[in-house]
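The values are calculated or read from the model by the stated rules, or taken from the named source; none is laboratory data. The model shown is predicted, which means the values in this text are computed figures rather than measured ones. A quick note on method: Cβ atoms are made from the backbone with ideal geometry, for glycine too, and the neighbour counts reach across all protein chains shown.
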């Protein structure tokens, strides 16, 4: 089996050595080469033909964002995983890199934790992300057939809430959807994007700046309002609860689900409990299966779901489960999702 060849780009010799060691520990991967900055890395790409690049943000001569922009002119499809610091500045740089064409990111371990802990953290967080860009189908394994929608006969109900779930590739996907809304939706939107603290606040601010919707990082006790969107904060599960005639957000630090906190399944179950058949679930690009079980509950309660298609997803993990299990009423390219949400909500108002 051909190994996944990784080009490691970082301005410090220690991190280049650490990332290379993590990659080479995996029998399915190997370090194709290393580079100390983006300018050298662009030369190495042509020399070693890597399958994937890990990339530091701040480097002399040419930093990570500039390198990604240059790389995408000639190599639009090589996955690039950024190593990002967990700071406001690091979050801003990460979103700029994703917008420039980076594929994903992992949190860069703090220098203070030491080399053994750094190795363990990168092994746990970086390697699974690399693998998801190169799904290996076992020899003789048949394709999973798409099932017929088990809820196809359900009648449509008015939409009172839209619940969104994304992961890898999600920030850019969310930005496109929110930018394309023509006017604020007449219902609230609740969102889980798998991200650490600080990053979710920065993402909410960026979505707010590019959309007619008002986008906030969710707060405990916040009342849901039409025309507003609420992004689960990193490190917290976000749920909806009914309080009299109002619906409010509740934040908890209950154990992670699907190795995630926030987790879409937690949010989706709570939305199903509050809004039932009046829920529209939307699951977009991301690795893993978070959101699938929650979507099942929504559909069992009479709600409906939309999934992003494989061609427009950075990683077709989360939405693929909805598509293959027949839960999605529509499987759409990213550029059709905003209009589909608008049309579904608009049509549902006629059912009022």
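Looking at the stretch 19-119, the strands (runs of 3 or more DSSP E) lying wholly inside it that each contain 1 or more residues that are more than 19 Å from residue 129 (Cα to Cα) and at pLDDT 95 or above sit at 29-35.
Within the stretch 61-114, being more than 21 Å from the chain's Cα centre (by Cα), touching a residue at least 12 places away in the same chain (Cβ under 8 Å) and at positive phi holds for one residue alone: 61. For residue 276, state whether it is under 20 Å from the mean Cα position of the chain (by Cα) and in contact (Cβ under 8 Å) with a residue 12 or more places away in the chain. The answer is no for residue 276.
In the stretch 120-155, of all residues being touching a strand residue (DSSP E or B) at 6+ places or on another chain (Cβ under 7 Å) and either in a loop (DSSP other than H, G, I, E, B) or modelled with pLDDT under 85 (or both), the one that is surrounded by the most Cβ atoms within 10 Å (Cβ to Cβ) corresponds to 133. For the stretch 1-9, the count of residues that are over 27 Å from the mean Cα position of the chain (by Cα), surrounded by fewer than 22 Cβ atoms within 10 Å (Cβ to Cβ) and more than 26 Å from residue 116 (Cβ to Cβ) is at least one.
Given the structure, is residue 305 over 16 Å from the mean Cα position of the chain (by Cα) and buried (at least 20 other Cβ atoms within 10 Å of the Cβ)? Judged against the criteria, residue 305 is a match.
When the stretch 249-277 is filtered for residues that are out of contact with any helix residue (DSSP H, G or I) (no Cβ under 9 Å at 6 or more places or on another chain), within 17 Å of residue 224 (Cα to Cα) and surrounded by fewer than 21 Cβ atoms within 10 Å (Cβ to Cβ), the ones remaining, listed by number, are 251, 274.
When 338, 323, 307, 347 are checked against the criterion of being part of a helix (DSSP H, G or I) and touching a helix residue (DSSP H, G or I) at 6+ places or on another chain (Cβ under 8 Å), 338 stands alone in meeting it.
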